[in-house]
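Visitor: I am attaching a structure below and will ask some questions about it afterwards.
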Amino acid sequence: MSQQVQGVVAPGKNEAVRVETIVIPDPGPGEAVVKIQACGVCHTDLHYKQGGINDDYPFLLGHEAAGVVESVGDGVTDVAPGDFVVLNWRAVCGSCRACLRGRPWYCFNTHNAKQKMTLTDGTELSPALGIGAFAEKTLVAAGQCTKVDPSVSPAVAGLLGCGVMAGIGAAINTGNVGRGDSVAVIGCGGVGDAAIVGSSLAGAARIIAVDIDDRKLATARTMGATHTVNSRSTDAVEAIRELTGGFGADVVIEAVGRPETYEQAFYARDLAGTVVLVGVPTPEMKLELPLLDVFGRGGALKSSWYGDCLPSRDFPMLIDLHQQGRIDLGAFVTETIGLGDVEEAFARMHEGHVLRSVVML
């Protein structure tokens, strides 16, 4: 039988979110119902609310989550009721051309639950990133459930569902940061700080944090940045070059998603260096660069999708590193809140007061 739970819905563009009663169907073939224990408030959810992703309102927000599998549909063998899981928004298919080439982190055929969750009047909901986890329970494709060590805090584990994985993966998987490299990270919110953590974990010798907010730069220092640059008062490109012997950084990670900061990243890298775009732009943004500079500076310009992660490989590994004390994922949790506090959490995030607010259920 279907069941009714409480969830946070964005009813229309820029309208305040509200807690509504959500109808969750029984899981069909290949699907799972997950009882949510924690879900981070991510900037992508704010993008959904503001219409920056698409206009398929109403949205059931939330996607950076951990919880316990309650029930599964026919054909599900990888997870079972009682399993503690982190939800991921890229369920690998195993049969597309990327998967068959042994590159499942580029899977071109990721999938979500086929059934729709609804409001009590039958209005179909669009779950954020195919998850919709600002809710007591949610329906997902079973492939979106990744089992991890159940002894870890749900508030910490859920962060791997999006922002922290995106940042760490941008450094390690996409940027291929190596021992002794110099790295600059532009934008020191949750994703940027995670990129700093990933760069430190990979053995970078110099990690330069760039932001316009001194509070964020102070936090970046605690995450592993060796140098900081306030680009409101200092030319970021010149500062990065000065801190790297006049050459520029080996890897520059752009965690803002704006043309002007991407241009800074492009010119702040060394010759043959790498730019990684992990910040999410909005649809109307355009980028213009001299093609001769693109050719003449060499190197690589990369986009990082979800940190180019493979959840089954990367989530358990990062949880293990956290449990061993080698990385502190708990440092990203600024506050814990309830379902009714999401609108206020968006405001605090927009104002730069938090790394992550985490909804606890």
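Visitor: Pro127 is checked against (1) open to solvent by 70 Å² or more (accessible area, probe 1.4 Å); (2) out of contact with any helix residue (DSSP H, G or I) (no Cβ under 7 Å at 6 or more places or on another chain) and fails just one. What number does that condition carry?
Guide: (1)
Visitor: Report yes if some residue within the stretch 89-108 is in contact with an Asp or Glu (Cβ under 8 Å, 6 or more places away or on another chain), farther than 19 Å from Arg18 by Cα, at pLDDT 95 or above and open to solvent by 50 Å² or more (accessible area, probe 1.4 Å); otherwise report no.
Guide: So in the stretch 89-108, the residues in contact with an Asp or Glu (Cβ under 8 Å, 6 or more places away or on another chain) come out as 105-106.
When the remaining residues are screened for being farther than 19 Å from Arg18 by Cα, the result is 105-106.
Cutting the leftovers down to at pLDDT 95 or above gives us none.
No; the residues of the stretch 89-108 include none that is in contact with an Asp or Glu (Cβ under 8 Å, 6 or more places away or on another chain), farther than 19 Å from Arg18 by Cα, at pLDDT 95 or above and open to solvent by 50 Å² or more (accessible area, probe 1.4 Å).
Visitor: Moving on to the next point. Can you tell me how many residues in the stretch 125-174 are within 25 Å of Ser200 (Cβ to Cβ) and of a type in the set (Asp, Glu)?
Guide: Summing the residues that are within 25 Å of Ser200 (Cβ to Cβ) and of a type in the set (Asp, Glu) in the stretch 125-174 gives 1.
Visitor: So which residues in the stretch 295-309 are buried (at least 21 other Cβ atoms within 10 Å of the Cβ) and among the hydrophobic types (A, V, I, L, M, F, W, C), if there are any at all?
Guide: Here is the first cut: in the stretch 295-309, the residues buried (at least 21 other Cβ atoms within 10 Å of the Cβ) are 304, 306-309.
Passing the criteria: only Cys309.
Visitor: If you scan the stretch 325-338, which residues turn out to be within 20 Å of the chain's Cα centre (by Cα) and under 30 Å from Glu20 (Cβ atoms)?
Guide: Phe332, Val333, Thr334, Glu335, Thr336, Ile337
Visitor: Here's another thing I want to ask about it. May I ask you to list pairs of residues, at least six apart or on different chains, whose Cβ atoms are under 8 Å apart, with the first in the stretch 1-24 being free of Cβ contacts under 8 Å to residues at least 60 places away in the same chain and the second being open to solvent by 60 Å² or more (accessible area, probe 1.4 Å) and in a strand (DSSP E or B)?
Guide: Pairs found: Pro11/Arg18.
Visitor: How do the pairs read when you match residues in the stretch 98-127 that are closer than 17 Å to Cys309 by Cβ and free of Cβ contacts under 8 Å to residues at least 24 places away in the same chain with residues anywhere that are open to solvent by less than 70 Å² (accessible area, probe 1.4 Å) and in a helix (DSSP H, G or I), using Cβ under 6 Å and keeping only pairs 6 or more apart or on different chains?
Guide: Close Cβ pairs (under 6 Å, with a partner that is open to solvent by less than 70 Å² (accessible area, probe 1.4 Å) and in a helix (DSSP H, G or I)) amount to Cys107/Ala98; Cys107/Cys99; Phe108/Ala98.
Visitor: Looking only at the stretch 199-220, decide whether some residue is without any contact (Cβ under 8 Å) to a residue 24 or more places away in the chain, assigned to a loop (DSSP other than H, G, I, E, B) and farther than 30 Å from Glu31 by Cα.
Guide: First, pick out the residues of the stretch 199-220 that are without any contact (Cβ under 8 Å) to a residue 24 or more places away in the chain: 212, 214, 218.
Now drop any that are not assigned to a loop (DSSP other than H, G, I, E, B), which leaves 212.
With the extra rule that they be farther than 30 Å from Glu31 by Cα, the set shrinks to 212.
Yes.
Visitor: Checking Val23 against (1) over 24 Å from Gly279 (Cα atoms); (2) outside any loop (DSSP other than H, G, I, E, B); (3) in contact with a His (Cβ under 8 Å, 6 or more places away or on another chain), which single condition isn't satisfied?
Guide: The one condition Val23 does not meet is (3).
Visitor: Of all residues in the stretch 170-222, which are touching a Cys at 6+ places or on another chain (Cβ under 8 Å) and farther than 16 Å from Ala265 by Cα? If you could, list the steps in order and put the result at the bottom.
Guide: Pass one, the stretch 170-222, residues touching a Cys at 6+ places or on another chain (Cβ under 8 Å): 173, 190, 196, 209-211, 213, 216-217, 219-220.
Residues satisfying the conditions are Asn173, Gly190, Asp213, Lys216, Leu217, Thr219, Ala220.
Visitor: State which residue is nearest to Thr77 (Cα to Cα) when the search covers only the stretch 155-180 and only residues that are more than 16 Å from the chain's Cα centre (by Cα) and surrounded by fewer than 24 Cβ atoms within 10 Å (Cβ to Cβ).
Guide: Looking at the filtered set, the residue picked out is Asn176.
Visitor: Here's another thing I want to ask about it. Report the residue count in the stretch 21-50 for those that are open to solvent by 50 Å² or more (accessible area, probe 1.4 Å) and either touching a Gly at 6+ places or on another chain (Cβ under 8 Å) or of a type in the set (Ser, Thr, Tyr) (or both). Lay out the reasoning, then the answer.
Guide: Taking the stretch 21-50 and keeping what is open to solvent by 50 Å² or more (accessible area, probe 1.4 Å), we get 26, 29, 35, 37, 43, 50.
Cutting the leftovers down to either touching a Gly at 6+ places or on another chain (Cβ under 8 Å) or of a type in the set (Ser, Thr, Tyr) (or both) gives us 26, 29, 35, 37, 43.
Summing the residues that are open to solvent by 50 Å² or more (accessible area, probe 1.4 Å) and either touching a Gly at 6+ places or on another chain (Cβ under 8 Å) or of a type in the set (Ser, Thr, Tyr) (or both) in the stretch 21-50 gives 5.
Visitor: Among all residue pairs at least 6 apart or on different chains, which show Cβ distances below 6 Å where the first residue, located in the stretch 292-318, is in contact (Cβ under 8 Å) with a residue 40 or more places away in the chain and within 25 Å of Cys145 (Cα to Cα) and the second is among the small types (Gly, Ala, Ser) and open to solvent by less than 30 Å² (accessible area, probe 1.4 Å)?
Guide: Sorted first by the residue in the stretch 292-318, then by its partner, the pairs are Ser304/Ala170; Tyr306/Ala166; Gly307/Ala166; Gly307/Gly169; Gly307/Ala170; Asp308/Gly169; Cys309/Gly169.
Visitor: Among (1) under 30 Å from Thr334 (Cα atoms); (2) over 19 Å from the mean Cα position of the chain (by Cα); (3) buried (at least 23 other Cβ atoms within 10 Å of the Cβ), there is one condition Val68 misses while meeting the rest; what is its number?
Guide: Of everything listed in (1) under 30 Å from Thr334 (Cα atoms); (2) over 19 Å from the mean Cα position of the chain (by Cα); (3) buried (at least 23 other Cβ atoms within 10 Å of the Cβ), Val68 misses just condition (3).
Visitor: Given the conditions (1) touching a residue at least 40 places away in the same chain (Cβ under 8 Å); (2) under 28 Å from His47 (Cα atoms); (3) hydrophobic (A, V, I, L, M, F, W, C), which single one is not true for Ala249?
Guide: Exception for Ala249: condition (2).
The values are calculated or read from the model by the stated rules, or taken from the named source; none is laboratory data. Everything quoted here is computed from the prediction, not taken from an experiment. So basically every Cβ, Gly included, is an ideal-geometry build from the backbone, and we count neighbours across all protein chains shown. SASA here: full protein model, heavy atoms, side chains in, ligands and nucleic acids out. Shrake-Rupley method; radii C 1.70, N 1.55, O 1.52, S 1.80 Å.
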